[in-house]
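Everything on this sheet refers to the single structure shown next.
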Amino acid sequence: MQYREENGLVIARLFPGEDLFKATAQVLRELKIQTAVVLSGIGMLRDFELSYFIGKGNYGTEKFGKAHELCALSGLICKKEIDDYSFHLHAVLADENKKAIAGHLPKGTVEVTCELALLKSGIELKRRIEEGSGLNGLFLE
């Protein structure tokens, strides 16, 4: 991976075989970033999963092994523990026929490239399970 940060904006490029989540967390750790807003993500992913929130903490998840074009990526990343981050990412991906699929992205490996634009923030965010919905909700602490 490569990355640069200037005035709170981080631009990163991930390479084939890199885990999207592990590599992004490494960038955030190295730059000592507590919270990041994912402004943009484009490239190609393989071995990814897309989920849909069904309710009461349940997700319908589908696995995709074949590479898809990453057309859009957005979300929030916040520090969970000393060296760990909580990701809430949504993605739109397309196959070779340009058929788009979308949902919550809990897993993905870079196929050709992944270009990220992240906005650094000092706002402390926490996630915890909400009793009513079972959702891992966002709380401003």
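Taken together, the values in this text are just the output of simple stated rules run on the coordinates, not laboratory data. Note that this is a predicted model, so its numbers are computed, not measured. We place every Cβ from the backbone using ideal geometry, glycine too, and count neighbours over all the protein chains shown.
Can you find, among H104, S51, S133, the residue sitting farthest towards the positive end of the charge dipole of the stretch 14-141, where Lys and Arg contribute +1 and Asp and Glu -1 at Cβ?
S133
Once you charge only the Cβ atoms, +1 for Lys and Arg and -1 for Asp and Glu, what is the size of the charge dipole of the stretch 2-140 about its Cα centre, to the nearest 20 debye? Could you put the intermediate results ahead of the total?
Details: 18 positive and 19 negative charges, 39 e Å.
With Lys and Arg at +1 and Asp and Glu at -1, about 180 debye.
Counting only pairs 8 or more residues apart or on different chains, how many lysine pairs in the stretch 48-141 have their Cα atoms under 23 Å apart?
For the stretch 48-141, qualifying lysine pairs total 19.
Going 7 Å from the Cα of K80 toward and past its Cβ, which residues in the stretch 112-141 have a backbone nitrogen under 11 Å from where you end up?
Counting only backbone N, you get 127-128.
For the stretch 90-131, what is the Kirkwood estimate of the hydrodynamic radius, computed as the reciprocal of the mean inverse distance between distinct Cα atoms, to one decimal in Å?
About 13.9 Å for the stretch 90-131.
Along the principal axes of its C-alpha atoms, what lengths does the stretch 33-141 span, in descending order and rounded to whole Å?
If we take the Cα atoms of the stretch 33-141, the spans are 44, 31, 20 Å.
Could you give the length gained on full extension between K63 and S133, defined as 0.36 nm per residue of separation minus the Cα-Cα distance, in nm?
Here the answer is 22.8 nm.
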